[in-house]
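The values are calculated or read from the model by the stated rules, or taken from the named source; none is laboratory data. The structure displayed is predicted, hence computed values, not measured ones. Here the Cβ is made from the backbone with ideal geometry for all residues, glycine too, and neighbour counts use every protein chain on show. Quick note on the areas: whole protein, heavy atoms, side chains included, nothing else; ligands and nucleic acids left out. Shrake-Rupley method; radii C 1.70, N 1.55, O 1.52, S 1.80 Å.
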Amino acid sequence: MASETVSYSVSQRILHWLVVALVFFNLLLPEGMEDWNRAFSQTGTATAEQVASANLHAYAGIAILILTLCRIGLRLTMKAPALPAEEPPLFRLAAKVTHGALYVLTIALPFSGMAAYYFGIEQAGEVHGGPLKLLLWLVIAAHVLGVLVHQFYWKTNILRRMTVG
């Protein structure tokens, strides 16, 4: 009898938490990019420090993109744990939509950021720092809320699948 996967692999968990750390870094500390953008918009130039700070934000975004693509690759090749039986069908659908949205956003945000920063496409920057950023915050909140409902209401200990295994 084949054993059922009860947690994500170590590589999946490491990639998940690396993406989480980089996403929060860029969401909570965007000042470097904002300072560069403000300076560049006003004067057409930026200081070396502003460029370095903006590059840090950009490099974190590129890392998010690469790690997300790796996560998708692993997700397609490795078996994921089964969804908890306690989860109602509507919440299963919500979980799939939320996870899909997280993947789409962690691809779309780096691309829109690169379009704005490296190619000067101003509209991409507006979408990047506006609706996409807001949507990411909302989807993260839904994801965390879902984990908390599982952990404390349905008591499925789902958090363990992405932490210690």
Seminar exercise, completed: When region 115-163 is checked residue by residue, the ones that are touching a residue at least 24 places away in the same chain (Cβ under 8 Å), over 18 Å from GLU86 (Cβ atoms) and not in a helix (DSSP H, G or I) are THR163
Exercise. Somewhere in region 71-94, is a residue modelled with pLDDT of 95 or more and closer than 17 Å to ASN26 by Cα?
Worked result: no
For this session: Considering only residues that are of a type in the set (Gly, Ala, Ser) and in a helix (DSSP H, G or I), look in region 43-68 and name the one that is surrounded by the fewest Cβ atoms within 10 Å (Cβ to Cβ).
Result: ALA48
Seminar exercise, completed: Out of (1) part of a helix (DSSP H, G or I); (2) exposed (fewer than 15 other Cβ atoms within 10 Å of the Cβ), the one ALA85 does not meet is (1)
Exercise. Taking the stated definitions as given, is ARG71 buried (at least 16 other Cβ atoms within 10 Å of the Cβ), touching a Leu at 6+ places or on another chain (Cβ under 9 Å), closer than 30 Å to TYR153 by Cα and not β-branched (Val, Ile, Thr)?
Worked result: yes
Problem set entry | Residues of region 16-42 satisfying the condition of being in a loop (DSSP other than H, G, I, E, B) and open to solvent by 70 Å² or more (accessible area, probe 1.4 Å) | LEU29
Exercise. With SER3, SER9 as the choices, which residue is modelled with pLDDT under 95, farther than 21 Å from VAL144 by Cβ and open to solvent by 50 Å² or more (accessible area, probe 1.4 Å)?
Worked result: SER3
